[in-house]
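Before any comments, here is the structure.
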Amino acid sequence: MRMTLCPLFSGSSGNSIYIAGGGVRLLVDAGMSAAREEAALREIGVNVRDLDGILVTHEHVDHIRGLGVLCRKHGLPVYANEGTWRGILEKEPGIPARCVPTFYTGEDFYIGGVNVRPFAIPHDAYEPVGFTVESRGLRCGVATDIGHICEPWISAVAGCQALVLEANHDVEMVERGPYPQRLRKRILGRNGHLCNADCAKALVELAKKGTRAVSLAHLSADNNLPELAYNTVWEALCDAGYAGEVCVSVARRDRVSDMLVLEDEVADAV
Ligand SMILES: [Zn+2]
Ligand SMILES: [Zn+2]
């Protein structure tokens, strides 16, 4: 049994993550153009027509840019909750009716033999969620666009062996950076994005519960650096005695990133 998790794009210009396991192939979000999504999938040997669906976290454009074209062109089912559907249809009214399965936040559902659990996250969208995907004891999770650490999402992803976790910004870089006050307030606010330090803090807790591979994701181009995010997380893991137990990689903004592979509860970045 094997499960793979691969960020195709990550950051404010577009987010998309490929997850495969238990005979099911999914995308979480389609935030780049359909053509770029298709090309990225081809690069990892996947034909877009072989996808079983697209799970949508929330309606911000960096998560749905390619959605309309992908589902009109290929008839792919798009899984979203009621609030996110409202947001998607405001921006993309032409989604065919056959493509609109709806789930309830907090309630598990199945795609083939794979269990999907959407969980609530604090973010400034209608009804934003993260996901865990599980098949025969292998479990991975996606948690990005998260304003702050809180118990509900931490406990939802606890026990995931592999995670895509947001490390959006360095607080000092935001405070000293070029952004206008309104934007700074949004990013740093409780419904904005997760900073490196909070990502590190969350990951230490999650490492205690069994997380063994993480891809740091949704890094800001202006308020973060890949090595800064990596070092912040790495130092926290070292201080907590988890150095060497968690494989840490950083998701790239505009190209396919390292794939996390789960096999019989062993996770490695390849
Ligand atoms: Zn967002
Ligand atoms: Zn986003």
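The values are calculated or read from the model by the stated rules, or taken from the named source; none is laboratory data. Quantities reported herein were computed from a predicted structural model and do not represent experimental measurements. Neighbour counts are summed over all protein chains in view; Cβ atoms, including those assigned to glycine, are modelled from backbone coordinates with ideal geometry.
Suppose the filter is surrounded by fewer than 18 Cβ atoms within 10 Å (Cβ to Cβ) and among the β-branched types (Val, Ile, Thr); does residue 105 pass it? Talk me through it step by step, then tell me what you get.
On the way: surrounded by fewer than 18 Cβ atoms within 10 Å (Cβ to Cβ): yes; among the β-branched types (Val, Ile, Thr): yes.
Yes.
Only one of 175, 127 is away from ligand 2 (no atom under 12 Å from the Cβ), free of Cβ contacts under 8 Å to residues at least 40 places away in the same chain and surrounded by fewer than 22 Cβ atoms within 10 Å (Cβ to Cβ). Can you tell me which?
Working: 127 fails: free of Cβ contacts under 8 Å to residues at least 40 places away in the same chain.
Sole residue among the options that is away from ligand 2 (no atom under 12 Å from the Cβ), free of Cβ contacts under 8 Å to residues at least 40 places away in the same chain and surrounded by fewer than 22 Cβ atoms within 10 Å (Cβ to Cβ): 175.
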Legend entry - Residue selected from the range 69-87 under the condition modelled with pLDDT of 95 or more, small (Gly, Ala, Ser) and farther than 17 Å from residue 19 by Cβ, by the criterion surrounded by the fewest Cβ atoms within 10 Å (Cβ to Cβ): 83
Inset, instruction - Go through (1) surrounded by fewer than 22 Cβ atoms within 10 Å (Cβ to Cβ); (2) more than 16 Å from ligand 2 (Cβ to nearest atom); (3) in contact (Cβ under 8 Å) with a residue 40 or more places away in the chain one by one and return the number of the condition residue 3 breaks. - result: (1)
Inset, instruction - Taking only the range 37-55 into account, find how many residues are of a type in the set (A, V, I, L, M, F, W, C), in a helix (DSSP H, G or I), surrounded by fewer than 19 Cβ atoms within 10 Å (Cβ to Cβ) and touching a residue at least 60 places away in the same chain (Cβ under 8 Å). - result: 0
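Does residue 164 qualify as being under 21 Å from residue 253 (Cβ atoms), outside any helix (DSSP H, G or I) and β-branched (Val, Ile, Thr)? Explain how you work it out, then say what you get.
Values: under 21 Å from residue 253 (Cβ atoms): yes; outside any helix (DSSP H, G or I): yes; β-branched (Val, Ile, Thr): yes.
Yes, satisfied.
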Legend entry - Residues that are in a loop (DSSP other than H, G, I, E, B) and within 18 Å of the chain's Cα centre (by Cα), drawn from the range 67-94: 81
Inset, instruction - Please enumerate the residues belonging to the range 24-70 that are away from ligand 1 (no atom under 16 Å from the Cβ), closer than 26 Å to residue 139 by Cβ and of a type in the set (Asp, Glu). - result: 37, 43, 50, 52
Inset, instruction - Answer yes if at least one residue in the range 56-65 is away from ligand 2 (no atom under 16 Å from the Cβ), among the acidic types (Asp, Glu), more than 16 Å from residue 166 (Cα to Cα) and out of contact with any Leu (no Cβ under 6 Å at 6 or more places or on another chain), and no otherwise. - result: no
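Against the definition (polar (S, T, N, Q), farther than 29 Å from residue 233 by Cβ and surrounded by fewer than 24 Cβ atoms within 10 Å (Cβ to Cβ)), how does residue 115 come out, yes or no? If you could, list the steps in order and put the result at the bottom.
Working: polar (S, T, N, Q): yes; farther than 29 Å from residue 233 by Cβ: no; surrounded by fewer than 24 Cβ atoms within 10 Å (Cβ to Cβ): yes.
So residue 115 fails the test.
For the range 167-221, which fully contained helices (runs of 4 or more DSSP H) count at least 2 residues that are closer than 19 Å to residue 236 by Cα, more than 15 Å from the chain's Cα centre (by Cα) and more than 16 Å from ligand 1 (Cβ to nearest atom)?
On the way: elements: 171-176, 181-188, 196-208.
Correct list: 171-176, 196-208.
What is the residue count in the range 121-147 for residues that are within 14 Å of ligand 1 (Cβ to nearest atom) and assigned to a loop (DSSP other than H, G, I, E, B)? So that I can check it myself, show each step before the final result.
Restricting attention to the range 121-147, the residues satisfying the condition of being within 14 Å of ligand 1 (Cβ to nearest atom) are 121-130, 142-147.
Pick out the ones that are also assigned to a loop (DSSP other than H, G, I, E, B) and you get 121-128, 144-147.
Total satisfying the criteria: 12.
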